[in-house]
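**Q** Would you mind keeping the following structure in view while I ask a few things?
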Amino acid sequence: MSASEAEGHRFESCRARHNQAWPMLPPILTLRDISLTFGSHPLLENVNLSVTERDRLCVVGRNGCGKSTLIEIASGLVEADTGERFVKPGVTFRYLPQEPDLSGFETCLKYIEAGLAPEDDFYKVSQLLEQLGLKGDEKPNCLSVGEARRCALVRVLAPEPDILFLDEPTNHLDLSAIKWLESYLDNSKSALVLISHDRHFLEKLTRSTLWIDRGEVRRLDKGFSAFEPWRDKALEQEETENHKLKRKIHREKHWLIHGVTARRKRNQGRLRALKEMRKQSQEKRATVGNVRMVASDSELSGKIVVEVEQVSKSFNESNIVKDFSTRIVRGDRVGIIGSNGVGKTTLLNLLNGTLCADSGTVHVGHTVQMVSLDQRREKLNLTETLSETLTGGHGDSVVFNGRPRHVISYMKDFLFKPEQAGTPIRELSGGERGRLLIAAALARPSNLLVLDEPTNDLDLETLDVLQEMLSEYHGTVLLVSHDRDFLDRVVTSLIVSNGDGRWVEYAGGYTDMLAQSGTDNQLNSNLILRPTKKRGSSNRNRQGSSSRLRLSYKDVYALEVLPQKITQMSAEIDKLKMELEVPDLYLTNSKKFQITADKLHQAEGRLAQLEEEWLALEIKREELEGF
């Protein structure tokens, strides 16, 4: 084994040890027998939940199952109908809602300060604002959705609470911000309770999974990567048990009907048992079905759907698109990614012909029938009912494939209940609004789907169905998304921002793009997300290349000493873990247990930092040697 291979093997071993489960700690927040009913059906029934120090929990389940409600109860924002909530004295927590409300505040900083306690460190606010590319003097009503999300993150992260409740924290964030947030939370001392549709994000951060299913909460003491096989096995086992129960009821019913009268009288216990089995079967809540997504048929578009040549577009002297050319043919599924503010939506609108270019030519095929989905959901009238949105306010039918279909029947395909037909849009959850927009869009004939952040707020099962529908769609798809897993599953090519209006196209999905570009393409998690300044390409070309052809003395020295530091830190972590494994340590000496646990967490954070430094320098060295 070569020296570099040995270092790589040792690095992976260190990383594996770093990701091991945290030792069991006493709970700092507990929910006991929590129940809550909305309308005629219970949303949560006899739910129990405990959160320990530095816990890493994700909450998963279908849209409308009560995920957000559960963490609102846990954070004290919603009161349950029955049950108990206990919080250890002195424990602090912060809650990030799906849709933060910044209205009523003069600046971002004022909004952030309203969420701070007197003892919180204001320097941390300044640090986070800088890292997330904000100054603090921005007007909330002038922020993009991504900037508003970053501002809300600063408000909950700056206090460094004991528990962080985060509801869809990656919504509207670009990939660089998502990776930054992953790294920040991974090294945070706060316990995390997460709701997210981003599989990569959940796999990176979680060690336990809470599954809300038909009002019941089931816990898996493993991270999200182990959840889906476990869930499928549980549902399969439940289906088998239900089938056995129904067969047993049928046999007992047959015996009662066809058995002799005297025999029935002598077996009243068996009759009571049958009644109990029937009651048990009737009370079982059926599993929630899957969304049925089928796009309304349309005539095929021509072979060439969109063709652009040397297209440029700028706003206020800033290049958004510069000399970009591409050809999109029928059946292509093209993704667009880049940092917030680089112009993804602008490029999307240039490609679909709804925005005029400053120069160059854009040709959209004459037979193209476009249906679009915007990320702000501005097409939804919050005062309209669900039925009015789908029917356009006319009658009670949705025209699908040229034929009228009753709106209730069409709603059921997207898991809406008949009684929701008259529900105003403002009362729907974020995921339900997302499903409604997709339902309205797919009812219209199309051969070009234009989707701007379609995955926001959707549950994982609905995402799977959306992915399958797009994969089987006979037309062409233009897609803006920051969901890495979704991009890998759906797109056939990616258009990626390279800064200063430059866009580069890669074949395949997100993982393929990384392999082809040989870099994270400005999506590295170590990036500071300050707004980029415009720089002329000529200045970059005139920079001397000598400084890039060799490592600095500081880097060379770091490469020599970092392996030794990593080894020492790994040994220290092993020692601390052995101390924590002493039987009954917490019961006999809780103070020593807590001190040792704190030291272990700090040591693991330091180890991760050292490993990242070593890995970045090693990559830099290899790149320069191959320059």
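**Q** Quick check on residue 177: is it of a type in the set (A, V, I, L, M), assigned to a helix (DSSP H, G or I) and surrounded by fewer than 22 Cβ atoms within 10 Å (Cβ to Cβ)?
**A** no
**Q** To continue, here is another question. Between a first residue in the stretch 409-431 that is of a type in the set (Phe, Trp, Tyr) and a second residue that is part of a strand (DSSP E or B), which pairs have beta carbons less than 9 Å apart while being 6 or more apart in sequence or on different chains?
**A** Once the first residue is of a type in the set (Phe, Trp, Tyr) and sits in the stretch 409-431, its partners that are part of a strand (DSSP E or B) give 410/397; 410/398; 410/400.
**Q** Moving on. Taking the condition in contact with a Pro (Cβ under 7 Å, 6 or more places away or on another chain) and modelled with pLDDT under 85, does residue 380 pass?
**A** no
**Q** Further question: Does at least one position in the stretch 369-379 carry a residue that is acidic (Asp, Glu) and touching a Gly at 6+ places or on another chain (Cβ under 6 Å)?
**A** Within the stretch 369-379, not a single residue is acidic (Asp, Glu) and touching a Gly at 6+ places or on another chain (Cβ under 6 Å).
**Q** On to the next question. Could you check the stretch 145-166 and list, in sequence order, the residues that are within 19 Å of residue 123 (Cβ to Cβ), assigned to a loop (DSSP other than H, G, I, E, B) and charged (D, E, K, R)? Steps first, please.
**A** Pass one, the stretch 145-166, residues within 19 Å of residue 123 (Cβ to Cβ): 150-151, 153-161.
In the following step, the residues that additionally are assigned to a loop (DSSP other than H, G, I, E, B) were identified as 158-161.
160, the sole residue that qualifies.
**Q** If you check residue 123 against the conditions, is it over 17 Å from residue 166 (Cα atoms) and within 27 Å of the chain's Cα centre (by Cα)?
**A** no
**Q** If you don't mind, there's one more thing I want to ask. When you scan the stretch 315-345, how many residues do you find that are under 25 Å from residue 148 (Cβ atoms) and modelled with pLDDT of 90 or more?
**A** Total meeting the criteria: 5.
**Q** Tell me, yes or no, whether the stretch 391-405 has at least one residue that is under 27 Å from residue 69 (Cβ atoms) and either modelled with pLDDT of 80 or more or crowded, with 22+ Cβ neighbours inside 10 Å (or both).
**A** Within the stretch 391-405 (the criterion being under 27 Å from residue 69 (Cβ atoms) and either modelled with pLDDT of 80 or more or crowded, with 22+ Cβ neighbours inside 10 Å (or both)), the answer is no, since none of the residues qualifies.
**Q** Take residue 487 and tell me if it is of a type outside the set (S, T, N, Q) and surrounded by 23 or more Cβ atoms within 10 Å (Cβ to Cβ).
**A** yes
**Q** Still on this structure: Right, residue 194: hydrophobic (A, V, I, L, M, F, W, C), under 14 Å from the mean Cα position of the chain (by Cα) and in a strand (DSSP E or B) or not?
**A** Criteria met by residue 194.
**Q** Identify the residue in the stretch 47-63 that is of a type in the set (S, T, N, Q) and modelled with pLDDT of 90 or more and, among all such residues, is surrounded by the fewest Cβ atoms within 10 Å (Cβ to Cβ).
**A** Ranking the candidates gives 48 first.
**Q** Still on this structure, I have one more. Give the residue, chosen from 115, 39, 66, 104, that is modelled with pLDDT under 95, buried (at least 21 other Cβ atoms within 10 Å of the Cβ), more than 30 Å from residue 573 (Cβ to Cβ) and small (Gly, Ala, Ser). Break it down into steps so the answer makes sense when it comes.
**A** Values: 115 fails: buried (at least 21 other Cβ atoms within 10 Å of the Cβ); 39 fails: buried (at least 21 other Cβ atoms within 10 Å of the Cβ); 104 fails: buried (at least 21 other Cβ atoms within 10 Å of the Cβ).
Among 115, 39, 66, 104, only 66 is modelled with pLDDT under 95, buried (at least 21 other Cβ atoms within 10 Å of the Cβ), more than 30 Å from residue 573 (Cβ to Cβ) and small (Gly, Ala, Ser).
**Q** Determine which member of the set 456, 447 is more than 26 Å from residue 66 (Cα to Cα) and among the polar types (S, T, N, Q).
**A** The conditions single out 447.
**Q** If you scan the stretch 301-345, which residues turn out to be assigned to a loop (DSSP other than H, G, I, E, B) and surrounded by fewer than 17 Cβ atoms within 10 Å (Cβ to Cβ)?
**A** At the first step, the residues of the stretch 301-345 found to be assigned to a loop (DSSP other than H, G, I, E, B) are 301-303, 316-317, 330-332, 338-343.
Correct list: 302, 303, 316, 317, 331, 341.
**Q** Would you point out which residue out of 185, 205 is farther than 19 Å from residue 459 by Cβ and in contact (Cβ under 8 Å) with a residue 12 or more places away in the chain? Walk me through it before giving the result.
**A** Details: 205 fails: farther than 19 Å from residue 459 by Cβ.
Unique residue meeting the criteria: 185.
**Q** With respect to residue 78, is the statement that it is closer than 29 Å to residue 30 by Cβ, among the aliphatic types (A, V, I, L, M) and assigned by TED's automatic domain parsing to the domain that holds residue 31 true?
**A** yes
**Q** Turning to a different aspect of this structure: Can you work out which of the residues in the stretch 118-144 that are surrounded by fewer than 18 Cβ atoms within 10 Å (Cβ to Cβ) and touching a Gly at 6+ places or on another chain (Cβ under 9 Å) is nearest to residue 158 (Cα to Cα)?
**A** 126
**Q** From the list 364, 368, 334, 329, exactly one residue is touching a residue at least 40 places away in the same chain (Cβ under 8 Å) and in contact with a Lys or Arg (Cβ under 9 Å, 6 or more places away or on another chain). Which is it?
**A** 329
**Q** Please specify each residue of the stretch 387-405 satisfying the condition of being of a type outside the set (D, E, K, R) and not in a strand (DSSP E or B). Reasoning before the result, please.
**A** Keep residues of the stretch 387-405 that are of a type outside the set (D, E, K, R), which gives 387, 389-395, 397-402, 404.
Result: 387, 389, 390, 391, 392, 393, 394, 395, 401, 402.
**Q** Among the residues in the stretch 592-604, are any out of contact with any Lys or Arg (no Cβ under 8 Å at 6 or more places or on another chain) and farther than 18 Å from residue 189 by Cβ?
**A** Yes, that holds for at least one residue.
The values are calculated or read from the model by the stated rules, or taken from the named source; none is laboratory data. Treat the numbers as computed from the prediction; the structure is a model and nothing was measured. Cβ: placed from backbone, ideal geometry, glycine included. Neighbour counts: every protein chain shown.
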